[in-house]
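Let me begin by presenting the structure, written as structure tokens, before commenting on it.
The values are calculated or read from the model by the stated rules, or taken from the named source; none is laboratory data. Predicted model, so just to flag it, every value in this text is computed and none were measured. Here Cβ is always computed from backbone atoms with ideal geometry, including for glycine, and neighbour counts include all displayed protein chains. We work out accessible area using only protein heavy atoms, side chains counted, and drop any ligands, DNA or RNA first. Shrake-Rupley method; radii C 1.70, N 1.55, O 1.52, S 1.80 Å.
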Amino acid sequence: MKLNTVCIIDDDPIFVYGTKVLLNYNSSFCSNIIVYENGKEALDDLRFMLKTNKEMPEVIFLDLNMPFINGWEFLDELKKMDLKKKIRVYVVSSSLDKMDEEKARKYDMVVDFINKPFTVNKLQQLLVATEGEST
């Protein structure tokens, strides 16, 4: 199953570049990649998409530590939105604090907590899991 849109919300240009390379390398994962440097940009655009009935991303890769609106604030606002379909959120963080992982798993939309760096193997596991959810 190929996803239409994947969203990356991260202020680290090296991580964004690497993730885009991995996603483009595995062209069976998604057709479109949307990138936001912080949670505020992403929320503003997602609210606009929802308001105008545009197609929302199926998957979001979310960093926790960002300026303006961090990952936690983003998740709090996302869960308030009246989404037509579930968005699978993967928290991708360099944090090694188990408390962050436990907190992330308390959000219904968070599917997994992934430690940076993001790898080809992890992407392949996500693809298999995504295909399993759609059947």
Taking trypsin sites (Lys or Arg not before Pro) as exposed when DSSP calls them loop (any state but H, G, I, E, B) and at most 15 other Cβ atoms lie within 10 Å, what is the longest stretch of the chain free of them, the sites themselves excluded? 3-53
Can you list the aspartates and glutamates whose alpha carbon sits under 12 Å from that of K54, skipping same-chain ones fewer than 8 residues off? D45
Lys/Arg Cβ at +1, Asp/Glu Cβ at -1, dipole of the chain taken about the Cα centre: which of Y36, N53, Y25 is farthest positive-ward? N53
Write down the accessible area per residue of segment 1-71 in Å², having rolled a 1.4 Å probe over the full set of protein chains. 50 Å²
Using a 7 Å offset from the Cα along the Cα-to-Cβ direction at both T119 and E55, what is the distance between the two label points in nm, to one decimal? 3.2 nm
What is the distance, in nm, between label points placed 7 Å from the Cα along the Cα-to-Cβ direction at M99 and at V21? 3.5 nm
What length, rounded to one decimal in nm, is gained on full extension from E73 through to K106, with 0.36 nm per residue of separation minus their alpha-carbon distance? 10.5 nm
Can you give the helix-only mean residue ellipticity at 222 nm for the chain, where every DSSP H stretch with n ≥ 4 adds -39500 (n - 2.57) and the sum goes over all residues, rounded to the nearest 500 deg cm²/dmol? -13000 deg cm²/dmol
Per residue, the convex hull enclosing the Cα atoms of the chain spans a volume in Å³ of 103 Å³
Counting only protein heavy atoms, what percent of the accessible surface of segment 58-135 is carbon or sulfur at a 1.4 Å probe? 51 percent
Fluctuation leader among E77, E37, E102 - the chain, Gaussian network, Cα springs under 10 angstrom: E102
Run the reach check for K103 against lysines, Cα to Cα strictly under 27 Å, same-chain hits fewer than 8 apart removed. What comes back? K20, K40, K79, K80, K84, K85, K86, K116, K122
